[in-house]
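All remarks here apply to the structure that follows.
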Amino acid sequence: EKKVLSASVKDLTPSYDWFQTESLITVVIYTKQKDMNAELVIVDCQDKRLRGEVVVGDQSYLVNVDLDNAVQEDMAVNITEKVGKVEIILKKKDNVHWEKLGQPLESHNTFIKRTDRGLFYRKCKLVSKTEVTHDTKLFCLTLPKSTHLRVPAGQHVYLKQIIAGTEVVKPYTPVLPFLPLDFKEPSHHDGGHIYLMIKIYSHGLFTQALDHLQIGDYISVSSPEGNFKKSQVQSLEDLFLLAAGTGFTPMVKLLDFALAQVSSLRRVKLIFFNKTEDDILWRDQLEQLALKDERFEVQFVLSQPTKDWVGKEGKISSSLLSEFVKRSRKDSKVLICICGPTPFTEQGVQYLKDLGYSQEEIHAFTA
Ligand code: FAD
Ligand code: NAD
């Protein structure tokens, strides 16, 4: 009699294997997921240490080994999305036969809650620093050749610096190098760079140190984190973005993603709160986009305008939101994203709830 193995309890824990040729080492992770993509895979290979992390739902699978032999700096990561296979291809430094992949390091071959994994940092080089406004700069960092990392829309990273002998960590939200004006295809920004739009505060601990970095200097950048899910945007009809100051940063990739990939979307409205006209980030680009794409509209609201400002004035309020945040049709599927100083975000969420929007229709970006 044949023994029938119970197929009902499928083991969904990822696993890995490895192979070698004369010159290559291939590490394969079988995620057992049908919808893998480049944003769910984070690989670093430094000083013979290989760390490959795969995000599966709210879990994280890790391969973490001290390699048997040295490898070259460049690395390739291939993802077969439909079968959920991730291949990490390393080049041997010397064409010798490896007895084993290497020695397991901390948490190797574990599958645990993502939030329990702990952040991993790699050093990135500052390659450019450009002015956005009088106090805000766009920092461009390059990832090491042996790192594969993409920051998904709505997520942030942590930067780490030693300031006066103490390790200091602050979160920042990667943006794009500029706002694309044409969303016919998903925008191809190369994976090797991270762009950060950062306001330098005159007495800011972290931002002052950042501003003093020279081109060519290195800074530690963590893996991405954040609870925004792209599925919140899928099948949307109306998207409202309420941003104050640098609270604009999460809206950049979100805008790009929504306009490029959400076909159901009818309208995207950004309501951008700033103190003065000089503080408005990427004003020209936003106005250009509004001219180019009829789905997109931008409204600037200033809290400390000069006399000649003819636009909207004030801070976030119930009356302002009831005027600007309206469904394009009764019962349309809507999402309202909000980001800025904590009091701004908290007040905004309360006003929106008072106006009858549900919890699911509001996403607040917070720490
Ligand atoms: P601190 O030393 O903390 O502050 C010193 C002084 O600076 C304060 O006394 C005050 O005068 C001034 N100051 C600092 N923060 C504020 C404030 N919020 N409002 C008014 N005055 C202030 N910032 C960006 O520029 N770009 C981003 O993309 C970005 N993303 C973020 C993502 C997340 C999830 C979070 C929680 C924050 C984000 N921030 C971002 C803010 C960032 O993390 C720091 O808080 C900010 O850079 C200030 O750091 P600091 O050490 O220079 O200032
Ligand atoms: P800012 O001081 O220049 O203010 C911009 C606008 O925010 C003001 O014009 C006003 O309309 C509004 N505002 C400020 N304080 C307010 C208050 N107490 N009540 C109601 N409205 C208020 O802003 P900034 O210096 O650019 O600060 C941006 C903030 O956004 C920072 O606190 C930063 O930490 C936060 N941020 C958060 C995230 C995130 O994901 N959580 C991302 C980026 C930025």
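A few notes on this one:
- Alpha-carbon centroids, the range 225-279 and the range 126-143: separation in whole Å: 22 Å
- Over 27 Å apart at the Cα level, from the set Lys34/Lys292; Lys82/Lys330; Lys129/Lys160, are Lys34/Lys292; Lys82/Lys330.
- Here r is the Cβ-Cβ distance between Asp94 and Lys123 and R0 is 35 Å; the resulting FRET efficiency, rounded to 0.05, is 0.85.
- Net lengthening on full extension, Lys48/Asp74 (0.36 nm per residue, minus Cα-Cα): 8.1 nm
- Kirkwood hydrodynamic radius (C-alpha pairs) into Stokes-Einstein, the range 17-154, 10 °C and 1.306 mPa s, D in µm²/s: 98 µm²/s
- Fraction of alpha-carbon pairs over 36 Å apart in the chain - percent: 31 percent
- Cα-projected label distance for Gln350 with Gln261, points at 7 Å along beta-carbon direction, nm: 3.6 nm
- The Thr342 and Ser317 beta-carbon pair, evaluated with R₀ = 22 Å, returns a calculated FRET efficiency of approximately 0.80.
- Mean separation of Cα pairs under 8 Å and 6 or more residues apart, divided by the residue count, gives the chain a relative contact order of 13 percent.
- Cα pair distances exceeding 18 angstrom across the range 236-367, given as percent: 51 percent
- D_trans [Stokes-Einstein, Kirkwood Rh over alpha-carbon pairs] for the range 119-186, 37 °C, 0.692 mPa s, µm² s⁻¹: 227 µm²/s
- Length gained on full extension, Tyr30 to Asp278: 84.2 nm, using 0.36 nm per residue less the C-alpha separation.
- Mean Cβ neighbour count within 10 Å, used as a protection proxy, ranking 260-272, 52-64 highest first: 52-64, 260-272
- Normalising the average separation of contacting C-alpha pairs (under 8 angstrom, six or more residues apart) by the number of residues puts the relative contact order of the range 253-367 at 20 percent.
- Segment Lys170-His203, extension gain: residue separation times 0.36 nm, minus the distance between their alpha carbons: 10.4 nm
- Gap separating the Cα centres of the range 310-324 and the range 196-219, nearest whole Å: 33 Å
Every number in this text was worked out from the coordinates using simple rules, so none of it is lab data. All figures in this text were calculated on a predicted structure; none of them were measured in a lab. A quick note on method: Cβ atoms are made from the backbone with ideal geometry, for glycine too, and the neighbour counts reach across all protein chains shown.
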